Amino acid sequence: MKTASPTSRPAIWHAQMLAWGPLIIMIVLSWLYLVTMRTCAPDALVHNSAAMGHVGQNELIWAIIMWNMMMAAMMLPTAMPAISLFGTLCARRTQVLSPRTSSLFYIVGYLASWSGYSVAAATLQWGLLHLQILNHMTMSLNAGLSVFVLVVAGIFQFTSLKEACLSKCRTPMAFFLSEWRDGTRGAFILGLRHGTFCVACCWALMAVMFVVGTMNILWMAILTIFVLCEKVAPPSWHTSQAGGIALLVWAAIIACF
């Protein structure tokens, strides 16, 4: 990353607000969509073909859209510190692009990485619905599946891969200093690369939604808060490990009862 030009504190604060603008709008719209879908889901889903075990292309498309909105609603709030820092760094540099424009391309890149995960998760959901392993609220009906997901997610919390990817989110300045690129393409690539680390860090936690139901708004909020805590809490708090223990205990309870 090249040497930045000096910028006044008010200008930096203004750049941060511009960076947060599109981010907050996307977060609010994503949560509104999910709450609306959750409100309408019980009557709609009970009567659709997915609930009857006849899962077609329409259900797959719906699942892809839903997972994309879920990931935007859940992961964008956890990326706010990094996006705010990105806007600040843009304001300190001499660029043709405004911090708002740069941040928007960064956010699009970040969501693009989660979009790939969403397609994979939606396809898995589609297959499990076809096998009638999920109910009409896409919650696991199979104790074995629930235990498997929770054990995998719990163990992953203790792995070196988890810690390595989490460090990119916990200290985004180091990531930006080593990966910085200018322009719209650069902002998009930065968002895509940072989002890829985020996917590698949180993919197992997001899979827990299959246990509690992918339309469960409460659990979406709980996981969002936990992932945010992972990213902002110091390593000495061992937040990830505490979450891993909780997941493994949960799996044990399901296996025993």
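Read-outs: derived from the displayed coordinates by stated rules, not from any lab. These numbers were taken from a predicted model, which means no experiment stands behind them. Positions of Cβ are backbone-derived with ideal geometry, glycine not excepted, and every protein chain shown enters the neighbour counts.
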Are there trypsin sites (Lys or Arg not before Pro) in region 146-220 that DSSP marks as loop and that have at most 16 other Cβ atoms within 10 Å, and which are they? 181
With a/c under 1.5 counting as rounded, go ahead and sort region 135-193 into rounded, prolate or oblate using the C-alpha gyration tensor (a ≥ b ≥ c being the square roots of the eigenvalues; past the cut-off, prolate if a/b is larger than b/c, else oblate). oblate
Please work out whether region 140-257 counts as rounded, prolate or oblate from its C-alpha gyration tensor, where a ≥ b ≥ c are the square roots of the eigenvalues and a/c under 1.5 means rounded, while otherwise a/b larger than b/c means prolate and anything else oblate? prolate
